[in-house]
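The values are calculated or read from the model by the stated rules, or taken from the named source; none is laboratory data. Owing to the predicted nature of the structure, the values given are computational and were not obtained by experimental measurement. Note: ideal-geometry Cβ built from the backbone for every residue, glycine included; neighbour counts use all protein chains shown. The area values use the complete protein model at the heavy-atom level, side chains included, leaving out ligands, DNA and RNA. Shrake-Rupley method; radii C 1.70, N 1.55, O 1.52, S 1.80 Å.
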Amino acid sequence: MKKLFIFIFSFLLLSPAYALPSWFKEGVYVKYALLMPNDRNSKEFHLFFLHPALISHDVYQKLLQVNERWKDAPEVSKVREDKLIGLSVYGNVFLTFKVINVTEESALINVTLELYNISVNFWRPLDALNISTLLVLNLTDLTYRDENGSVIGRPSFFIDPQNPPKTGDLFAKLDIPGVYVEDDLKIGNISYTTHMNQTLLTYARNFTPPYITVTAKPVSMAWITKDSSLSGRYRFRATYDFMSGVMVGSLFTISPEFLEMGVVFTTFIDYTATRNLEELQKNGEDKVKWWLQGFNLYETNIEFWEPKKVEAPESSMKYFFIVGLFLLIIILVKRLMGERK
Amino acid sequence: MRRLLAGMLLLGSLFLSLAAAANGISLLSCWYPWDYDTDVRQWNDNEWVWAGVRGQVEICDGQFQRILTDTVKHTAYWKGVNVIDVVKYKSPERAITQIHYRRTNGNEGYATAYIPNFYR
């Protein structure tokens, strides 16, 4: 008894404030997609802006090679180190998060962004580009840390449903060379009622309510040089499965993981999901089903808890009930007969 | 004699025209037309989005060279939709206006205009 008490006590002491979801193990991955439909029109493409100082050496070298390949493209569309690299993407996009090393205090998260059918600086075709990064996730407070141990953001691909982020929490540190912002990106609204009556459809599986929707407080951004500029708002919104905390889908212009990869601004929408959503609306099914329009879950090795039909276990108790019922009826009949006499 | 003269004249004019053609390639003839693009999404009279961009482009010998970024103007108008963001981008190779909207039925989308559009 004493031993059991000590065991329970030590278990309580050791368990962190942020309980990790049970699926969070080494080797687990979640892959999200933006699938380009075959009937893409000329206004349907994604924009990804890369910062030459923040992207990896390999990626920058690959983009520099594009300069040599397209001699007939205008000179001004060459990749240079003093301007943002604009990619228009006409093909599929995949975003994969992989848990690769879990210790007591931290985990390594490998994030990969795959882009297909690209135009570099809008003029120079490139078949595919892979950008990846490795992030250190502190498991005691679920924040990403840089090499000095400073907090740089929170993971976008999952939350702890029992301890979701709170309004005002830092979501992504916006410390980008040459980019003007008013503030860091912080958690704004947390909703438990968004899509509360709808099954969310994704490429991998269907999710059932409830959900937790996290929205960051938008931050205006501007990047200005002598002859070019970019302005918009840094935004982030994601919907998480209430049971597992896994992200179902999200739509954003920045995320902590994108920043680490050197992607400093993006605009995208999943045109396949959008067409699927319009189909649901046309058929009047949108009251109970919905497609999120950003990155949607595409593939994972997480085993989700599936609701099952529960059947009563087979037991002999039911015969006792039947016999008891019969006895009661017999007693009742006898009593009634006796009263009449 | 006449035939020889006519032949020499013909040959001469051929050389001259060849020289002129070769000269024409090296002598850049540039012009600066206005280019523009719009993207209008309209669902009814009271629900629409209108994204536009215009600016001068440099065309030399029929080839696009650059956008004169000082001349670029972005325009964004809408009615009856919730506009989440207006993204404006300009650089010598491309200028873009993109409106990110959400309709009352919950659908989101982009209206996107970009140049060069006619002079590519």
Residue that is over 30 Å from A:Trp23 (Cα atoms) and in contact with a His (Cβ under 8 Å, 6 or more places away or on another chain), where the choices are A:Thr267, A:Thr239
A:Thr267
Could you tell me which of the residues A:Asn92, A:Asn101 is modelled with pLDDT under 95, in contact with a strand residue (DSSP E or B) (Cβ under 7 Å, 6 or more places away or on another chain) and within 30 Å of A:Glu303 (Cα to Cα)?
A:Asn101
Consider region B:78-108. How many of its residues are closer than 17 Å to A:Val264 by Cα and among the acidic types (Asp, Glu)?
1
For the list (1) closer than 30 Å to A:Lys282 by Cβ; (2) within 13 Å of another protein chain (Cβ to nearest Cβ); (3) in a strand (DSSP E or B); (4) not charged (D, E, K, R), I need the number of the one condition that B:Thr104 fails.
(3)
Sort out which residues of region B:87-112 are open to solvent by less than 10 Å² (accessible area, probe 1.4 Å), closer than 15 Å to B:Ala51 by Cβ and under 11 Å from the mean Cα position of the chain (by Cα), and write them in order of number.
B:Ala95
Those strands (runs of 3 or more DSSP E) lying entirely in region A:162-270 with at least 2 residues in contact with a helix residue (DSSP H, G or I) (Cβ under 9 Å, 6 or more places away or on another chain)
A:170-172, A:247-252, A:263-267
Among the residues of region A:284-294, are any free of Cβ contacts under 8 Å to residues at least 12 places away in the same chain, of a type outside the set (Val, Ile, Thr) and not in a helix (DSSP H, G or I)?
yes
So how many residues does region B:36-52 have that are open to solvent by less than 80 Å² (accessible area, probe 1.4 Å) and either in contact with a Lys or Arg (Cβ under 7 Å, 6 or more places away or on another chain) or farther than 24 Å from A:Ser228 by Cβ (or both)?
7
For region A:104-151, enumerate the residues that are within 14 Å of chain B (Cβ to nearest Cβ), on the phi > 0 side of the Ramachandran plot and among the hydrophobic types (A, V, I, L, M, F, W, C).
A:Phe122
Going through (1) among the hydrophobic types (A, V, I, L, M, F, W, C); (2) open to solvent by 20 Å² or more (accessible area, probe 1.4 Å); (3) closer than 30 Å to A:Pro209 by Cβ one by one, A:Trp123 fails only at (3)
Quick one: is A:Thr215 under 30 Å from B:Ala76 (Cα atoms), surrounded by fewer than 22 Cβ atoms within 10 Å (Cβ to Cβ), modelled with pLDDT under 95 and within 12 Å of chain B (Cβ to nearest Cβ)?
no
May I ask you to verify whether A:Thr239 is β-branched (Val, Ile, Thr) and open to solvent by 20 Å² or more (accessible area, probe 1.4 Å)?
no
When restricted to A:Thr112, A:Thr133, A:Thr103, A:Thr143, the only residue among the polar types (S, T, N, Q) and in contact (Cβ under 8 Å) with a residue 40 or more places away in the chain is A:Thr133
Just checking, does region A:54-62 include any residue being open to solvent by less than 30 Å² (accessible area, probe 1.4 Å) and modelled with pLDDT of 95 or more?
yes
In this structure, is A:Ser156 within 14 Å of chain B (Cβ to nearest Cβ) and open to solvent by less than 10 Å² (accessible area, probe 1.4 Å)?
no
Read through the list (1) open to solvent by 10 Å² or more (accessible area, probe 1.4 Å); (2) more than 11 Å from chain B (Cβ to nearest Cβ); (3) among the aromatic types (Phe, Trp, Tyr), then give the number of the only condition that A:Tyr271 fails.
(2)
Pairs returned, first residue in region A:79-96 that is free of Cβ contacts under 8 Å to residues at least 60 places away in the same chain, second residue that is open to solvent by 10 Å² or more (accessible area, probe 1.4 Å) and of a type in the set (Lys, Arg), beta-carbon separation under 8 angstrom, 6 or more apart or interchain, are A:Gly86/B:Arg94; A:Tyr90/A:Arg40
Could you say whether any residue in region A:248-261 is more than 15 Å from the chain's Cα centre (by Cα) and charged (D, E, K, R)?
yes
